[in-house]
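Read through the structure below, which is laid out as structure tokens, and then see the notes.
The values are calculated or read from the model by the stated rules, or taken from the named source; none is laboratory data. Just so it is clear, the structure is predicted and the values come from calculations on it, not from any experiment. Reconstructed Cβ throughout: ideal geometry from the backbone, glycine too, with neighbour counts over all protein chains shown. The accessibility values were calculated without ligands, DNA or RNA, using every heavy atom of the protein model including side chains. Shrake-Rupley method; radii C 1.70, N 1.55, O 1.52, S 1.80 Å.
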Amino acid sequence: VKAVNCTFRNINTDDGSSGAAVYLQKATVTLENCTFQDNRARNGAAVNISRELSKFKATNCKFSGNVAVNCGGSILMDKGEAELVNCTFSGNSSQGFAGGAIHMNGDLKFTCSGCTFENNQAANNGAAVSLEQGTATINSSTFKNNRTVGETGKGGIIAMLKANGVMNINGSTF
């Protein structure tokens, strides 16, 4: 599936499901110049990448005002591969566990290049990005005004939650 110049706005999964706008399960999705705004879900309010063999690429996309009740204000990634290029994440939040903008956990490979994370928040861990397992690489990205708001909040920008995750950060600004 390829989507270009699309807007996904005000999509809610009131039944507690994940990935209000996009849910990947052994699928390939490419997005260019798309906007995900004010979506709400239990996990991954805009996008949920949940199975091996899933491939997700977003270029020049904007994620703003998305809310996850649990994890991944914009994106929850459990397995598969994801590449984000020149994307903006602003004003997203996770009200539960982790990942105001993005939460990752599982057998995964994640790459983010030239992205901006601004004004995202998490109730507990990783206001911008949280990683439990897998490999994540962040290149030439900018992080501004992200914060945890809960009493046990950790990782105002990035949270590494388990020893089985690997995160490489290169040339980024905090």
Taking the convex hull of the alpha carbon atoms in region 96-140, what volume per residue do you get, in Å³? 54
For the chain, what % of the accessible area comes from carbon and sulfur atoms, probe 1.4 Å? 42
In square angstrom, what is the accessible area per residue of the chain with a 1.4 angstrom probe? 43
Distance in nm between pseudo-label sites at Thr135 and Ala163 (7 Å out along the Cβ direction from Cα): 2.0
Between Asp107 and Val85, what is the spin-label point distance in nm, taking each point 7 Å from the Cα along the Cα→C-beta axis? 2.7
All-pairs Cα distance distribution in region 47-112, expressed in whole percent, bin size 10 Å: 25, 54, 21, 0
Could you order Val1, Val149 so the one with the most accessible surface comes first? Probe is 1.4 Å. Val1, Val149
If each K or R counts +1 and each D or E counts -1, the residues other than Glu52 whose Cβ falls under 15 Å of its Cβ total +2
First select every other residue whose beta carbon is under 12 angstrom from the beta carbon of Ser74; then total the charges, Lys and Arg +1, Asp and Glu -1. +1
What residues qualify as long-range amide H neighbours of Phe117, i.e. H under 5 Å apart, gap of 5 or more or another chain, H built at 1.01 Å from N? Phe89, Thr142, Phe143, Lys144
What nm distance separates the two modelled labels at Val149 and Thr30, each placed 7 Å from Cα along Cα→Cβ? 3.8
So what's the Cα pair-distance distribution over region 1-111, bin width 5 Å, in %? 3, 15, 26, 29, 21, 6, 0
Under-5 Å amide H pairs with Ala27, H placed in peptide plane, nonlocal only: Ser54, Lys55
